[in-house]
1. When you check Val174 against the structure, is it under 18 Å from Leu41 (Cα atoms), crowded, with 17+ Cβ neighbours inside 10 Å, touching a residue at least 60 places away in the same chain (Cβ under 8 Å) and in contact with a Gly (Cβ under 7 Å, 6 or more places away or on another chain), yes or no?
2. Can you list residue pairs whose Cβ atoms sit under 7 Å apart, with the first residue in the range 1-14 being farther than 18 Å from Gln229 by Cβ and the second being β-branched (Val, Ile, Thr) and outside any helix (DSSP H, G or I)? Count only pairs 6 or more apart in sequence or on different chains.
3. Out of the residues in the range 97-111 that are assigned to a helix (DSSP H, G or I) and open to solvent by 60 Å² or more (accessible area, probe 1.4 Å), state the one that is modelled with the highest pLDDT.
4. Within the range 68-83, is there a residue that is touching a residue at least 60 places away in the same chain (Cβ under 8 Å) and in a strand (DSSP E or B)?
5. Quick check on my filter: what residues within the range 1-18 are touching a helix residue (DSSP H, G or I) at 6+ places or on another chain (Cβ under 9 Å) and either of a type outside the set (D, E, K, R) or assigned to a helix (DSSP H, G or I) (or both)?
6. Give me the pairs, please: first residue somewhere in the range 111-127 and under 19 Å from Ile91 (Cα atoms), second residue anywhere and open to solvent by 70 Å² or more (accessible area, probe 1.4 Å), beta-carbon distance under 9 Å, and either six or more positions apart or on two chains.
7. Quick one: which residue in Glu121, Glu139 is acidic (Asp, Glu) and either touching a strand residue (DSSP E or B) at 6+ places or on another chain (Cβ under 7 Å) or assigned to a loop (DSSP other than H, G, I, E, B) (or both)?
Amino acid sequence: MKLQKLLSYVRRAVEDYQMIEEGDNIAVGVSGGKDSICLLLALKNLQRFYPKHFELQAITVSLGLPHANYDDIQSFCNEIGVPYTIVHTDIGQIIFDERKEKNPCSLCAKMRKGALNDMAEQLHCNKVALGHNKDDVTETFIMSLFYEGRIHCFSPVSFLDRKQIYSIRPLIYVPESDIKSFIQKSNISIVKNACLADGNTKRQETKELLYHLSKNYNQLQQKIFGAIQRSDIKGWKN
């Protein structure tokens, strides 16, 4: 995938769901993985020509895990000209050492998002951009159905009353395979996930399930995505 195609995906999502308005100050949550780096680069390039002017801030929430290094993210942000902030936390210790969570992803996500929103507020940002891609949409829907027994998925745009901050997800039209291709062809360094549960999660199980089902059911993930868009799930009708 080339940058032009990435930008077309992102611009369409931004316009379909009115994600960006004039004067927005957008905090981009950057873990250093492929999705968040792709999101940051796409928004930086969109900023150059989009008719509505907006500012960007890059924020990494450090879980305090050993061997996590964010020097490459700092260098990348310096290169593209985006201010960068690291939020140091003890989330990793709380989840793995103190609480010894067997399925830590949900709690970790809530704590990371809380820390991200707190810093975004301090930096006077009114929106937080998150790197959920098209595959994340269908996987989250299936996980909600199988593990929680409800028809649910995160929204393209959501509003946090307590913080008066919007969450936006500009990558929702971008397949994960295209993101992998873009990162590889661009020779962009990504940060290895230092999480102790990486690769052994309910999301990974769901990803593998959908992969196997897709071999027998043509365009399965696209059909699920379309069903979500046509559903009454909050925030998806545009």
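The values are calculated or read from the model by the stated rules, or taken from the named source; none is laboratory data. Because the structure is predicted, anything quoted here is derived from the model rather than measured. Glycine also receives a Cβ, built like all others from the backbone with ideal geometry; neighbour counts cover every protein chain displayed. For the accessible areas, the whole protein counts, side chains as well, though only heavy atoms, and no ligand, DNA or RNA atoms are used. Shrake-Rupley method; radii C 1.70, N 1.55, O 1.52, S 1.80 Å.
1. Working: under 18 Å from Leu41 (Cα atoms): yes; crowded, with 17+ Cβ neighbours inside 10 Å: yes; touching a residue at least 60 places away in the same chain (Cβ under 8 Å): yes; in contact with a Gly (Cβ under 7 Å, 6 or more places away or on another chain): no.
No, not satisfied.
2. Going by the 7 Å Cβ cut-off, the qualifying pairs are Leu6/Val174.
3. Pass one, the range 97-111, residues assigned to a helix (DSSP H, G or I): 97-98, 105-111.
Keeping just the survivors that are open to solvent by 60 Å² or more (accessible area, probe 1.4 Å) gives 97-98, 105-106, 110.
Numbers: Asp97: 66, Glu98: 55, Cys105: 75, Ser106: 77, Lys110: 88.
Applying the filter and picking the extreme gives Lys110.
4. In the first step, residues of the range 68-83 are kept if they are touching a residue at least 60 places away in the same chain (Cβ under 8 Å); the result is 68-70, 72-73, 76.
Okay, now just the ones that are also in a strand (DSSP E or B), so none.
No: zero hits.
5. Taking the range 1-18 as the starting set, the residues that turn out to be touching a helix residue (DSSP H, G or I) at 6+ places or on another chain (Cβ under 9 Å) are 1-3, 5-7, 9-11, 14.
Once the filter is applied, which keeps residues that are touching a helix residue (DSSP H, G or I) at 6+ places or on another chain (Cβ under 9 Å) and either of a type outside the set (D, E, K, R) or assigned to a helix (DSSP H, G or I) (or both), the range 1-18 yields Met1, Leu3, Lys5, Leu6, Leu7, Tyr9, Val10, Arg11, Val14.
6. If the second residue must be open to solvent by 70 Å² or more (accessible area, probe 1.4 Å), the pairs left are Arg112/Ser31; Asn117/Arg162.
7. Details: Glu139 fails: either touching a strand residue (DSSP E or B) at 6+ places or on another chain (Cβ under 7 Å) or assigned to a loop (DSSP other than H, G, I, E, B) (or both).
Among Glu121, Glu139, only Glu121 is acidic (Asp, Glu) and either touching a strand residue (DSSP E or B) at 6+ places or on another chain (Cβ under 7 Å) or assigned to a loop (DSSP other than H, G, I, E, B) (or both).
Quick grid of which residues meet (1) of a type in the set (S, T, N, Q); (2) open to solvent by less than 30 Å² (accessible area, probe 1.4 Å); (3) in contact with an Asp or Glu (Cβ under 6 Å, 6 or more places away or on another chain); (4) modelled with pLDDT under 85:
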{"residue": "Ile95", "(1), (2), (3), (4)": "no, yes, yes, yes"}
{"residue": "Lys113", "(1), (2), (3), (4)": "no, no, no, no"}
{"residue": "Asn117", "(1), (2), (3), (4)": "yes, yes, no, no"}
{"residue": "Ala120", "(1), (2), (3), (4)": "no, yes, no, no"}
